[in-house]
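Structure, as structure tokens:
The values are calculated or read from the model by the stated rules, or taken from the named source; none is laboratory data. Just so we're clear, the structure is a prediction, and the values are computed from it rather than from any experiment. With ideal geometry, Cβ positions are generated from the backbone for all residues, glycine too; neighbour counts draw on all protein chains shown. Surface areas here come from the heavy atoms of the whole protein model, side chains and all, with no ligands, DNA or RNA. Shrake-Rupley method; radii C 1.70, N 1.55, O 1.52, S 1.80 Å.
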Amino acid sequence: MDSMRHLSTSLPSTRRRQDQPELLGDFRAAALSVTNLYKSAAASQDRARAAGYQDALDDLLAFLDRGNLGLMDGEGWRVRQWATERLDDGAQKPAASDDEEEPVQEEQKKAAAVPAPSSEPTDAAVPPRRIAVSEPPQAPLQAQTPPPPPHANPYASVPSIDDFTFRSSHAYPTNHDRGQIQQQSMDLDATTPTTSTPPSTESVRIISRPARGRHSNHQRQRLNGASAVSLNLAGAAGSKRKWPYQDFFDISGLNGLDGKDGKEGGDLHGKVALVTGASRGIGRATALNLASRGCSILGTCSNAQSLHLIDTLSHHISELYSGSIGLTSPVVLGIEANILESTTTPAKIVDALDRHFNGHLDIFINNAAAADAQKIGELTDGHIRDSLTGNIEFPVRMVEELVKRKSFRPNSRIIYISSVRARKAWADQSMYMATKAAGEALCRSWADAFGGKHPQYAFMAGTTANALMVGLTKTNAVYDMPAEVVKVFEDEFLPGQSIPRVGLPEDVADVVGLLCREEARWISGSVVAADGGGIKIL
């Protein structure tokens with residue numbers, strides 16, 4: 001008996017050898033299934049990443065649309081152009097189009113499909129328990145197995161993107177106690193093994209993400225050689241987005257830069273202003289007001305010795321922005337430009353605009369003036385010539401040069417700093433009075449021309465022109481005079497003012513800043529008084 005038992009145990013096991021090819025086939029099929037499932041998941045992840053990138057571009061462009069940002073040349077436009085090019089590029093690729101089923105079909109074609117056998121579980125099998133983990137489909141999803149082609153491996157099954165099926169004669173272990181899993185994106189079907197060990201089935205379905213529309217409202221056109229924008233936004237453009245981007249990214253209030261109150265911040269970000277006489281007094285205060293709100297400045301002074309004063313202004317603005325996160329300091333540059341050299345100075349200034357600001361201008365503050373006093377009967381040729389040149393000829397030639405080169409952009413601002421002397425007579429300043437009154441008349445002419453009704457000025461449509469009538473202000477031009485002269489001025493002006501004090505340059509600059517705001521778009525061709533109520537006119 002021992003010898004027979006030894007003989008029985010020493011004989012090779014036929015069943016074990018027969019099971020080895022079957023197990024090897026199962027292993028190969030499982031490995032191939034896992035590999036293809038990994039490829040499918042990787043492809044789905046790539047598509048999701050690409051779709052998310054396009055969504056981010058779409059949201060960025062919608063944010064720019066809602067805020068009317070990047071409509072003109074500048075940093076904002078470069079951001080808009082960058083996002084638009086990439087959004088359009090993605091839309092031109094068939095695999096990244098609105099229909100997301102196309103890449104699924106391509107991936108299915110690439111897979112070397114070997115269908116699963118057509119055998120089904122026996123009637124004794126327990127019906128599969130389905131775990132709904134996402135939005136329910138419109139119709140129940142059923143696992144479908146195509147018929148096997150000739151010479152196919154009956155144990156191999158290659159998954160597709162939408163259906164992954166693994167079949168084996170060996171029962172797949174299941175857990176009958178697993179609970180309902182919520183908020184996932186696939187249905188999982190399982191069968192329990194019977195005594196006859198029927199093949200168990202795991203069916204995984206990936207529910208495709210619905211296609212979404214793309215922005216198409218980010219094209220830019222040029223009219224008459226100038227910047228213009230064609231907007232065809234639908235009434236509900238961007239309404240589906242939940243993030244309040246303007247509030248979420250609003251960091252303009254940091255470090256005192258508050259764009260909402262109009263005094264400091266970013267409401268003029270991306271704009272360029274030309275301020276004559278920017279080295280001191282009202283001109284310097286105006287440049288500071290505009291630059292602190294994001295406006296780049298080209299400031300002029302009458303001689304090279306005063307350029308360092310504009311440099312200090314530039315450093316002050318840089319320090320103001322240095323502690324603010326996400327805010328870029330505007331450019332502040334100075335240029336020597338004598339208004340009494342009216343035949344050459346305008347071209348010199350516009351050349352500087354071309355070099356440093358792409359030839360664009362949004363705000364022109366004509367502040368520098370010739371204000372010498374001379375008595376009637378003692379007027380010299382030089383005094384008459386300087387008054388006419390500095391207060392009339394220079395602003396005329398300056399605006400002429402800017403219009404010829406189409407430097408002004410739409411909705412620009414022209415502000416001529418006038419004086420109460422245009423209405424309040426003083427015999428010692430007859431030429432100053434006359435030329436300032438002429439400057440106010442120029443503003444009325446410019447307002448009529450540039451508002452938008454004349455086709456030849458369409459490139460600057462919406463531009464306003466106003467004169468700002470300034471009263472007694474504490475500037476070097478006034479308080480460098482002898483004390484007795486200053487006392488005469490104070491006795492003349494202060495009793496008639498509603499606010500009986502001498503004005504400061506900042507008082508005037510704040511009114512200039514108001515006229516530069518978008519909210520001042522309906523004020524044009526006017527004379528605005530900034531004199532503490534001395535002259536009751538608006």
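Residues in the range 318-332 that are crowded, with 22+ Cβ neighbours inside 10 Å and over 13 Å from residue 274 (Cβ atoms): 1 in all.
Restricting attention to the range 326-352, the residues that are within 21 Å of residue 280 (Cα to Cα), outside any loop (DSSP other than H, G, I, E, B) and of a type in the set (A, V, I, L, M, F, W, C) add up to 5. Taking residue 441 as the residue in question, decide whether it is part of a helix (DSSP H, G or I), free of Cβ contacts under 8 Å to residues at least 40 places away in the same chain and either crowded, with 21+ Cβ neighbours inside 10 Å or among the hydrophobic types (A, V, I, L, M, F, W, C) (or both). When the stated conditions are applied, residue 441 passes them.
In the range 511-525, the residue that is most open to solvent (accessible area, probe 1.4 Å) out of those that are touching a helix residue (DSSP H, G or I) at 6+ places or on another chain (Cβ under 8 Å) and under 21 Å from residue 421 (Cα atoms) is 525.
Residues that are modelled with pLDDT of 95 or more and surrounded by 15 or more Cβ atoms within 10 Å (Cβ to Cβ) within the range 341-358 comprise 345, 346, 348, 349, 350, 352, 353, 357, listed in sequence order. Selection of the range 277-299 for residues being over 31 Å from the mean Cα position of the chain (by Cα), crowded, with 24+ Cβ neighbours inside 10 Å and not in a helix (DSSP H, G or I) yields 277, 279. For the range 444-469, filtered to residues that are part of a helix (DSSP H, G or I) and among the small types (Gly, Ala, Ser), the residue that is farthest from the chain's Cα centre (by Cα) is 445. Against the list (1) out of contact with any Pro (no Cβ under 6 Å at 6 or more places or on another chain); (2) over 21 Å from residue 442 (Cα atoms), the condition residue 523 fails is (2).
The single condition among (1) at pLDDT 95 or above; (2) farther than 18 Å from residue 393 by Cα; (3) in contact with a strand residue (DSSP E or B) (Cβ under 6 Å, 6 or more places away or on another chain) that residue 450 does not meet is (3).
Every listed requirement among (1) among the β-branched types (Val, Ile, Thr); (2) surrounded by 18 or more Cβ atoms within 10 Å (Cβ to Cβ); (3) farther than 22 Å from residue 471 by Cα; (4) within 30 Å of the chain's Cα centre (by Cα) is met by residue 389 save one, (4).
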